[in-house]
Amino acid sequence: MRDLFAEYVQNLQNTVVTAFEDLDPNAPPFFRDRWDRPEGGYGISSVFSTPFSTTPATTVLEKAGVNISVVHGTLPPAAVKQMRADHASLPYDPDKQEHLPFFAAGLSLVIHPRNPHAPTVHTNYRFFEVTDPEDKYKVLAWWFGGGADLTPSFLYEDDAQHFHSTLKSACDVHGVALYPSFKAWCDEYFFIPHRGEARGIGGLFFDDLCDAPHKRLPNATHEARPWTQEEIFKFVRTAGDAFLPSYLPILQRRAHVPSTDAQRRWQLLRRGRYVEFNLVHDRGTKFGLMTPGARIESILMSLPEVARWEYRSEVGADAESDEGKLLEVLRKPRAWLE
């Protein structure tokens, strides 16, 4: 599975980057940066940005990253203790402070378009494995995680329905319990408590999916969810392959819609919220920053090129404005599909 998943995320990375480069052929290509991790493993960061200039750029994308990592090493005791909450098979003795060997592979991407009418999107799929320190072939625990979510600055209901419908179709192939459970989890996870609002309009989020009963799928039958490692891998591949069909049509529709300075201001305020969530609440960011040998440039790739914070901003206060309508949905998550 290590080899299969590493090969899959590399292929998906190439497919996604090529699609965005084809979308805007006059823009600079993604910068591809392969790096080696001294503690074990490697990664490939594919990042889009334009050189700093006071002249407004015209590219479809403003900042984007499509990164993969395939790493191994040992987990510090604090990380092992945290993981035992969902994986009781992991040994943890506070007196021994044991370090456990791990393997992790994944793809993480964030796309920040330039146009305020085009939504930001985030996708991540990963595989994690922990082995016995005395026997590298003895797997103590394994699981998959991932998801995708959409973060618009302006609400277009047909965009939201298209995004969710595409993800639901990908889920339903592998079990009818997946989409409703993981959609609800996404709404809960991508929430900014100190703001009382969601980061975006949701999508999918799941973690710790393995061959054991799952707290988010407590009564799921074999037909309602994948159970074996092979079945779960197939689900993850289908969900990952659904990224471009779920997002690219939206970006193509919105990338060239006329926009105003006021709409740009609101977009930058919403990006400020994106930054707040990623740096304060996101578990993946926190885990990455805690991991020995972490590559900070890749971890913080998700941050937008430009964001804005205003003291007691009045934008969005009018519930009937376009900004206010978005805030209403962010404060009360909606079921986008009947």
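Numbers at a glance
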item	result
Under 5 Å, built H, 5+ apart or other chain: amide partners of Thr74	Phe102
Chain lengthening between Lys215 and His99 when straightened (0.36 nm per residue, less Cα-Cα)	39.1 nm
In segment 136-241, the GluC sites (Glu not before Pro) that fall in loop regions by DSSP, at most 11 other Cβ within 10 Å	Glu223
Helical mean residue ellipticity (222 nm; -39500 (n - 2.57) per DSSP H run of 4+; nearest 500) of the chain	-11500 deg cm²/dmol
Top of Ser259, Ser165, Ser69 by mean-square fluctuation, Gaussian network on the chain, Cα under 10 Å	Ser259
Net charge of Cβ neighbours under 12 Å - reference Ala64; Lys, Arg +1; Asp, Glu -1	-2
For Ile232, solvent-accessible area (1.4 Å; no DNA, RNA or ligand), Å²	0 Å²
Listed residues Ala141, Ala198, Ala212, most fluctuating in the chain (Gaussian network, C-alpha, under 10 Å)	Ala212
Mean shadow area of the chain, taken as a quarter of the surface of its Cα convex hull (nm²)	18.0 nm²
Longest segment of the chain lacking chymotrypsin sites (Phe, Trp or Tyr not before Pro) that sit in a DSSP loop with at most 13 other Cβ atoms within 10 Å	53-308
Sites Ala294 and Leu4, calculated FRET efficiency, Cβ-Cβ separation with R0 30 Å, nearest 0.05	0.75
Extended-chain gain in nm, criterion 0.36 nm per residue less alpha-carbon gap, Lys81 and Thr15	20.1 nm
Length released on extending from Leu23 to Ile192, taking residue separation times 0.36 nm less the Cα-Cα span	57.6 nm
Filtered trypsin sites (Lys or Arg not before Pro), segment 153-220: DSSP coil and at most 15 other beta carbons within 10 Å	Arg195, Lys215
18 Å Cα cut-off, lysine pairs counted over the chain (separation 8 or more, or different chains)	6
Estimated FRET transfer efficiency when R0 is 51 angstrom, pair Gln161-Glu134 (beta carbons, to 0.05)	0.45
Positive minus negative residues near His117 (Lys, Arg vs Asp, Glu; Cβ under 15 Å)	+1
Selected from Val236, Val17, Val173 as most flexible by GNM, with the chain as the system and alpha-carbon contacts under 10 Å	Val173
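The values are calculated or read from the model by the stated rules, or taken from the named source; none is laboratory data. Quantities reported herein were computed from a predicted structural model and do not represent experimental measurements. Every residue, glycine as well, gets a Cβ built from its backbone with ideal geometry; the counts of neighbours run over all protein chains shown. In case anyone asks, the SASA skips ligands and DNA or RNA and just uses the protein heavy atoms, side chains included. Shrake-Rupley method; radii C 1.70, N 1.55, O 1.52, S 1.80 Å.
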